[in-house]
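Here's the structure we're looking at; comments come further down.
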Ligand SMILES: Nc1ncnc2c1ncn2[C@@H]1O[C@H](COP(=O)(O)OP(=O)(O)OP(=O)(O)O)[C@@H](O)[C@H]1O
Ligand SMILES: [Mg+2]
């Protein structure tokens with residue numbers, strides 16, 4: 001069986017680059033009655049990468065994960081996960097994936113130890129090895145001392161950590177995480193991200209996660225943005241930001257109105273006023289700073305150059321105008337506002 | 001299978017395609033050889049799944065102290081308060097009703113196994129929403145063992161609740177004799193049937209509210225029209241028909257006939273069991289009915305469950 005697996009798992013390749021693919025979907029569709037939750041989704045996720053799936057509420061992220069994890073039957077198209085078709089060989093897919101749901105799926109009556117032991121049993125991990133793996137996982141998520149207390153008594157963050165440990169216990173090829181870090185404190189969040197990074201390097205695990213947190217998406221090798229069931233754009237965070245292209249230069253001046261007029265007259269650039277001064281969108285913002293200062297007839301108190309954030313990308317692609325992006329996203333320059 | 005792999009391959013793959021093809025052929029042969037082994041592995045995996053779910057139900061049963069206490073107190077209250085009250089209310093000259101408590105005893109046993117068995121069904125509806133079951137559905141096990149494990153767990157829990165009640169038998173004149181072991185077996189089967197029914201309703205209901213309503217509507221009439229609480233053999237017309245098609249009728253009657261001691265089957269012959277066109281089915285047939293019902297309910301539930309969304 002292992003030989004067969006080896007061949008199969010090297011199966012799907014990305015056209016052109018020949019990269020191994022962990023997830024491949026073609027025209028994947030799911031409708032509930034007449035409402036389309038996911039519409040003709042084409043995704044290619046290279047193996048061994050961290051893939052971030054972004055989108056506002058109701059975009060269809062969880063539905064997509066449900067289909068990829070064989071829990072929901074697609075109404076159209078097909079999907080390969082770890083080289084197996086989710087519809088025709090769900091068993092083989094399930095053997096190779098780990099899943100952490102958006103909502104908690106723990107049984108409060110069981111202890112952390114029992115939760116993990118049952119999981120190991122379901123995956124047929126031999127007793128001795130299971131015990132080692134369980135202790136490793138508990139150590140990783142720092143729940144060793146609490147391993148014999150019922151999960152009912154755990155805090156939200158502890159439950160989340162336990163669920164992540166469970167998702168990883170059987171060393172899946174592809175790990176699906178539906179909003180894994182919601183409700184976690186910054187330290188735990190950072191620890192989990194560090195671990196996910198290590199996992200990718202050491203064990204070649206593909207991580208497929210959804211998030212609302214744009215800062216988190218920056219950690220991903222590739223991201224895809226989804227809106228209203230359809231894929232809007234995908235690529236590396238850097239490439240997506242390059243598409244938006246322009247930096248935001250923010251200048252605090254003595255007279256904003258005069259400054260805006262001067263920028264338009266002398267440099268032909270459109271500037272907007274905001275609470276923190278005037279804002280100008282230009283490619284290569286740093287190079288523009290001397291020219292901007294020279295062109296302004298008023299005193300300049302400070303200048304800030306902000307590179308495009310994923311939030312800009314998000315707004316750019318989800319159909320909202322750049323003007324809106326200006327007023328919403330750059331109120332706190334450099335700190336993207338998570339959209340809920 | 002093959003078309004999948006080729007269609008997923010890049011169009012421009014050339015030299016290593018041939019190599020991959022030979023490798024694939026080898027793999028196919030290896031896979032065929034490993035096939036029987038895989039099937040054995042599948043059975044082992046299914047058995048493991050049954051065990052995991054059974055263990056979980058038993059753990060929940062054992063860990064819920066309040067429920068254990070309630071499950072012992074409730075039947076005792078029924079037996080002592082209700083039974084004794086009725087005994088006292090009935091005039092002394094109507095001797096038949098003197099041993100109402102003994103008559104009531106099988107019914108109390110039935111109630112004892114019913115509660116945890118139903119709880120197992122309820123746990124399915126909650127789990128489906130709250131997730132434990134969803135998590136199981138992503139594990140590489142087939143669907144049937146999941147439900148079987150839950151039903152076995154419910155049956156074990158039901159049995160656990162029934163044992164203390166059975167120990168109270170002495171109070172109503174049930175002698176402690178080896179036949180009680182047979183009674184235990186019957187109770188296990190009845191608990192299994194209850195759980196299967198609960199699981200079936202749970203799988204069909206979808207929402208916890210629906211489950212609760214359906215169970216509430218069904219259980220009371222079924223219990224009252226089974227001869228567990230009052231003799232049901234003489235009921236007229238359609239009520240008699242309900243009694244005759246009610247699976248609980250057979251469960252109660254089987255228990256009543258298996259329990260040792262005179263008092264239980266008493267009430268002066270009024271507590272006669274069901275008849276099929278003038279023929280009284282033996283205990284084995286009654287137990288058979290319950291078993292068939294259990295298996296049928298579990299099969300339908302498994303079918304509905306496996307179909308998925
Ligand atoms: N069982 C269902 N029946 C009907 N519609 C559904 C069902 N599940 C999801 N939907 C619809 O499908 C769409 C996508 O939902 P989904 O849960 O995939 O969104 P999401 O991207 O995960 O959102 P969130 O960020 O809020 O988790 C929504 O419009 C939702 O109403
Ligand atoms: Mg979601």
Give me the number: length gained by fully extending residue A:148 to residue A:317, i.e. 0.36 nm times residue separation minus the C-alpha to C-alpha distance, one decimal in nm.
56.0 nm
Where both partners of a DSSP beta bridge lie in chain A, what percent of those bridges are antiparallel, to the nearest 5?
65 percent
Percentage relative contact order, chain A, counting C-alpha pairs under 8 Å, at least six apart
17 percent
Averaged over its residues, how many other protein chain Cβ atoms are within 10 Å of peptide A:96-107's Cβ atoms?
4
Cα centroid of region A:108-141 to Cα centroid of region B:136-163, whole Å:
20 Å
So the FRET efficiency between residue B:126 and residue A:243, C-beta based with R0 = 51 Å and rounded to 0.05, is 0.65
With a ≥ b ≥ c from the Cα gyration tensor eigenvalues, square-rooted, and the rule rounded for a/c under 1.5, otherwise prolate when a/b > b/c and oblate otherwise, region B:133-275 is oblate
The rounded separation in angstrom of the Cα centers of region A:232-282 and region B:195-231 is 67 Å
Label-point separation (nm) for residue B:76 and residue A:135, each offset 7 Å from Cα along Cα-to-Cβ?
4.4 nm
What number, rounded to the nearest 500 deg cm²/dmol, is the helix-based mean residue ellipticity at 222 nm of chain A, given -39500 (n - 2.57) per DSSP H run of at least four residues and division by all its residues?
-11000 deg cm²/dmol
Folded to 0 to 90 degrees: helix A:186-203 orientation relative to chain A principal axis, Cα:
60 degrees
Suppose R0 equals 22 Å. What FRET efficiency, 1/(1 + (r/R0)^6) with r the Cβ-Cβ distance, do residue A:73 and residue A:103 give to the nearest 0.05?
0.60
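Each value in this text was obtained by applying a stated rule to the coordinates, not by laboratory testing. Bear in mind that the values here come from a model prediction, so they are computed numbers and not experimental data. Here Cβ is always computed from backbone atoms with ideal geometry, including for glycine, and neighbour counts include all displayed protein chains.
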